[in-house]
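The values are calculated or read from the model by the stated rules, or taken from the named source; none is laboratory data. Every value quoted in this text rests on a predicted model; they were computed, and no experiment measured them. Every residue, glycine among them, receives a Cβ derived from its backbone with ideal geometry; neighbour counts consider all protein chains shown.
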Amino acid sequence: MRNRIFVFVAVCAFVVNAIGTTFADTKSNNSSKQMNQLVALLPASDGVVTINMQRLLSEAVPQILSGKPQMLADINNKIDEIRAKTGLDLRQFEQVALGVSTRQISAQDIDLEPVVLARGKYNANALIALGKLAANGKYREEKIGERTVYIFSGKEIVEQNKPQTKNSMFDKAIERMFKGLTKEFVVASYDTNTLVFGSLARVRETFDTKMRVSADVSDSLNRKPNAIVNFSAKLPNGMSKFVELGNDEFGKTLDSIRHISGAMEVAGGNATVSIVAKTLKAEQAQSLQETLEGLQMVGKALIGGSKGADKQVYVRMIESLRLTRNVNEVMFDLQVPQSDINILLGVK
């Protein structure tokens, strides 16, 4: 579980260095409406992530990698390769909504069980047919009411379709992703152009249950409805038990956070991330803000004298991080210019 937490934090760190300022227009407003409709189809979830896939692939990735044309070319080539081999064109995906339920399985471990709804310019049943071909008949069918779902063994599919990776970062990421796809998973069509996939239990909940995402989670997704990525989650009690901190006072502060939400965006040559941490009481939010401001000062002092270009980027990020508070909410806002992203990516 700690490995999964590390991967999650690493991904978040990359996104913090890569996402930018929000803008709105008629097209994006329509997209946010469609995203809200997709979230409304998810079963009850402790956390939700929404991704505007079209903007991610057409705007965010090209801007972030504008100083790394070979890396961008590797990604585009890999997308084209997947389309040529399987018929699946990732550029046809428009919106993705992921709902995660949490379950404590030991005193210091929790299990995360996601379900994904993906909508786009494709025929959902045709994509499932491609998946069945890739599985070479090694799948089984099951009924959930009147719907047919298809259950695949991730391990068998990986062994039959494992990519021949090269040395690019994207190839290595694909290889790691395939190594993680070893569990059984379910795929089904929700409607003509919407796929649902996840564990059998979560897919069953999607089709069967009337329990949907609670308002306290879904409403927080609309703070910046037109962002490329939005997330909102209720945190389990005693978060400090799941993270090795070695500091009781900081653990107490972490435990006071009951809800976290945020938005990530890329636009106008900048990358930004906005996060809101909500506590039960106003005094807890004040303590959280003061703790973070203290860490901000310590971080700047520790690396302020470093001469490396990347270290100076971190100093600028620490300096530009804005921390504000409204009653029991602490807001974090960070903006990173493309020039600093280029340094972090090793652009010369």
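Taken over segment 211-226, the residue count meeting the criterion of being assigned to a loop (DSSP other than H, G, I, E, B), at pLDDT 90 or above and surrounded by 18 or more Cβ atoms within 10 Å (Cβ to Cβ) is 1. Checked against (1) in a strand (DSSP E or B); (2) of a type in the set (Phe, Trp, Tyr); (3) modelled with pLDDT of 90 or more, residue 207 passes all but a single condition, namely (1).
Considering (1) in a helix (DSSP H, G or I); (2) modelled with pLDDT of 60 or more, the lone condition that residue 231 does not fulfil carries the number (1).
Could you tell me whether any residue of segment 289-304 is touching a residue at least 24 places away in the same chain (Cβ under 8 Å), touching a Lys or Arg at 6+ places or on another chain (Cβ under 7 Å) and not polar (S, T, N, Q)? Spell out the reasoning first.
Step one: filter segment 289-304 for residues touching a residue at least 24 places away in the same chain (Cβ under 8 Å), giving 289, 291-293, 296.
From the residues that got through so far, the ones that are touching a Lys or Arg at 6+ places or on another chain (Cβ under 7 Å) too are 289.
With not polar (S, T, N, Q) added as a condition, the list becomes none.
No, that holds for no residue.
Among the residues making up segment 92-124, none is farther than 17 Å from residue 58 by Cβ, in a helix (DSSP H, G or I) and modelled with pLDDT under 90. Screening 62, 69 for residues that are out of contact with any Lys or Arg (no Cβ under 6 Å at 6 or more places or on another chain), of a type outside the set (Gly, Ala, Ser) and under 27 Å from residue 38 (Cα atoms) leaves exactly one candidate, 62. Taking residues in segment 100-127 that are of a type outside the set (Ser, Thr, Tyr), and partners anywhere that are at pLDDT below 85 and in a helix (DSSP H, G or I), the pairs with Cβ atoms closer than 8 Å and at least 6 places apart or on different chains are 107/241; 108/241; 108/242; 109/242; 110/242; 112/4; 119/34.
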